[in-house]
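What follows is a single structure, written as structure tokens, with notes after it.
The values are calculated or read from the model by the stated rules, or taken from the named source; none is laboratory data. Since the model is a prediction, treat every value here as computed from it, not as a measurement. Glycine gets a Cβ as well: all are built from the backbone with ideal geometry, and neighbour counts include every protein chain shown. Protein only, heavy atoms only, side chains kept; ligands, DNA and RNA dropped before computing areas. Shrake-Rupley method; radii C 1.70, N 1.55, O 1.52, S 1.80 Å.
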Amino acid sequence: MSVFRIAIVGAGPAGYFAAQALQNLQSDNRKFEIDMIERLPTPWGLVRSGVAPDHPKIKTVSKVFEKIATTEGFQLFCNVELGKDLTVEELTSSYDAVVIATGTSRGRKLGIPGEDLRGSLSAADFVPWYNAHPDYVDVDVPLDTDTAVVIGAGNVAMDVARMLALEPKELDVTDTANHALVELHKSAIRQVHVFGRRGPEHAAFTSPELRELPKLEHTDVEIGECDIKDALERANSQGELPKDVKSNLDAMMLIAQTPEKGNERKLNFHFLASPIEIKGKDRVEEVVFAINEVREGKVVTTADTYSVKTGLIISAIGYEADPIPGLPYDGGKVSNVDGHIKDTNIYVVGWAKRGPSGVIGTNKSDAAGVMESLIGQLNEPKPRQDLSEKLRARGVIHVSQGAWERINATEVATGEPLGKPRVKFVNREEMLGL
Ligand code: NAP
């Protein structure tokens, strides 16, 4: 029987689904020993630091991750950074294959004047701030303004807008970071405006997310009914409506036709507007939009503009990878062909492979396909080397599965009397001491 050793770098959904695919590909004559390496002291990637706190159901996928992690042959090495504590070459020479599942953590920039003013930030900073990511505790999020602007018409923009527009009491029973909860309770924001540069028919939101908006108890959600009627007309003139577009437009029409509840907190959606400049002296004061039109199915920018007074702008316009030394990058992701880096034993899965698209489940079939091609290229197993010993010799304290289970249990136990699913640690030293 051959026992192959695989290093998976990144303990998010893509990494776990790659591990699961390998476990499923084991047979009487082929076994896998999997070492999962993660930069943070905690695993679960975006399920922990990305998924919105008011969406606890999505996080139940972590039960699947824990099942994978407690299957024979799997070891967890959190608090170990590729490119700092270990090199890519060390992994490729000591493992039969290396799987990169490190995602895309940098926010794409708008590239417009004023973007670096205080009060203009990326969802890539704001989301991990409210989700207790240890590297984002000190992000400056000025909430002392009555109006916030969110740029982008995708699900991240939607999460960000909801987090800003919700009555903070609704977040008290979630795992929102304590530091963020304190600030959100003090927040002066009462109007949140979301801007898409194309029409409602082109929005990247998904309909389940849109359909939950009219159910918000303390926030009135507004979409112009005319905007949706126009979008329907334009989309219908292009031929039969794709199912997802129809479902989105139906959900938006429902929002448009839901009577206002008279809440002070408002969440408004606007379309066909591209931000072209952010104005302000020491911080954001105003954002200028160019008005766009759809002509023969194409979105074109007109010479007309309007501006919105605001003290906070969050752009949620996609992500790109933070490069790791020793890996090739292109277009914001790891250069790969169908999840393989040419002439190497390195494979790539998840957002690091295909860019920031798809929901958590998308990674399952994606990783399974890449792992099929990985096993097709395995030869003789390499001699075994112990990663724990190497890390110990370098003075790197790693968080094992057992240590993570202690962190997890402590967080859950701390949350229980408060009616929360958990209270997340944000301090690395505290986590390493458990
Ligand atoms: P996304 O779905 O790709 O949306 C990005 C949005 O940014 C698009 O509306 C895009 O408009 C806009 N945009 C890009 N560049 C822009 C610019 N320069 N100016 C103005 N707007 C710009 O990305 P995402 O929201 O980051 O989400 C990433 C993935 O995670 C998606 O697959 C999403 O569904 C998933 N996700 C899912 C959930 C959930 O299931 N609840 C939650 C969060 C994220 P154009 O279309 O015009 O390019």
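The table for this structure:
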| item | result |
| --- | --- |
| Amide H partners (placed H, <5 Å) of Glu222, local residues excluded | Leu267, Asn268, Phe269 |
| Positive dipole terminus of the chain, leading residue within Gly119, Gln401, Leu181 (C-beta point charges) | Gln401 |
| For Ala273, residues with placed amide H under 5 Å, excluding near neighbours | Gly196, Arg197, Arg198, Asn292 |
| Cα gyration tensor category, rounded, prolate or oblate, for the stretch 109-317 with a/c compared to 1.5 | oblate |
| Pairwise label distance in nanometres, Val64 with Glu372, each label 7 Å out on the Cα-Cβ vector | 1.7 nm |
| Net charge dipole size for the chain [Lys, Arg +1 and Asp, Glu -1 on Cβ; Debye, nearest 20] | 460 debye |
| Computed label-point distance, nm, for sites Lys279 and Asn427 using a 7 Å Cα→Cβ extension | 4.5 nm |
| Distance between modelled label sites at Arg106 and Ser247, nm, 7 Å Cα→Cβ extension | 3.4 nm |
| GluC sites (Glu not before Pro) within the stretch 145-245, DSSP loop, no more than 13 other Cβ atoms inside 10 Å | Glu217, Glu240 |
| ³J(HN,Hα) computed for each position of the stretch 8-23 - Karplus, 6.51 cos²θ - 1.76 cosθ + 1.60, integer Hz, glycine/proline x | 10, 9, x, 9, x, x, 5, x, 5, 5, 5, 4, 4, 4, 5, 4 |
| Alpha carbon centroid spacing (whole Å) that separates the stretch 86-117 from the stretch 325-391 | 13 Å |
| Theoretical gain in end-to-end length, Val3 to Glu286 [0.36 nm per residue, Cα-Cα removed] | 95.8 nm |
| FRET E, pair Glu72, Ala303, Förster distance 56 Å, beta-carbon r, rounded to 0.05 | 0.30 |
| Portion, in percent, of the accessible area of the chain that falls on carbon or sulfur, probe 1.4 Å | 50 percent |
| Cα-centred dipole magnitude for the stretch 109-317, charges only on beta-carbon of K, R (+1) and D, E (-1), debye, nearest 20 | 320 debye |
| Amide hydrogen neighbours beyond the local backbone of Thr145, cut-off 5 Å, H modeled | Ala188, Ile189 |
| GNM result for the chain, Cα springs below 10 Å: residue of Gly199, Gly376, Gly152 fluctuating most strongly | Gly376 |
| Accessible area per residue in Å² at 1.4 Å probe, computed on the stretch 109-317 | 45 Å² |
| DSSP-loop GluC sites (Glu not before Pro) across the stretch 57-132, with at most 13 other Cβ within 10 angstrom | Glu72 |
| Structure-based [θ]222 nm, the chain - -39500 (n - 2.57) summed over DSSP H runs of at least 4, per residue, nearest 500 | -9000 deg cm²/dmol |
| The stretch 23-62 residues near the modelled Glu81 label - backbone nitrogen below 16 Å, point 7 Å along Cα→Cβ | 37-42 |
| Förster radius 41 Å - calculated FRET efficiency between Asp28 and Arg394 (Cβ-Cβ, nearest 0.05) | 0.65 |
| Gaussian network model of the chain, Cα within-10 Å springs - most flexible of Ile313, Ile68, Ile100 | Ile68 |
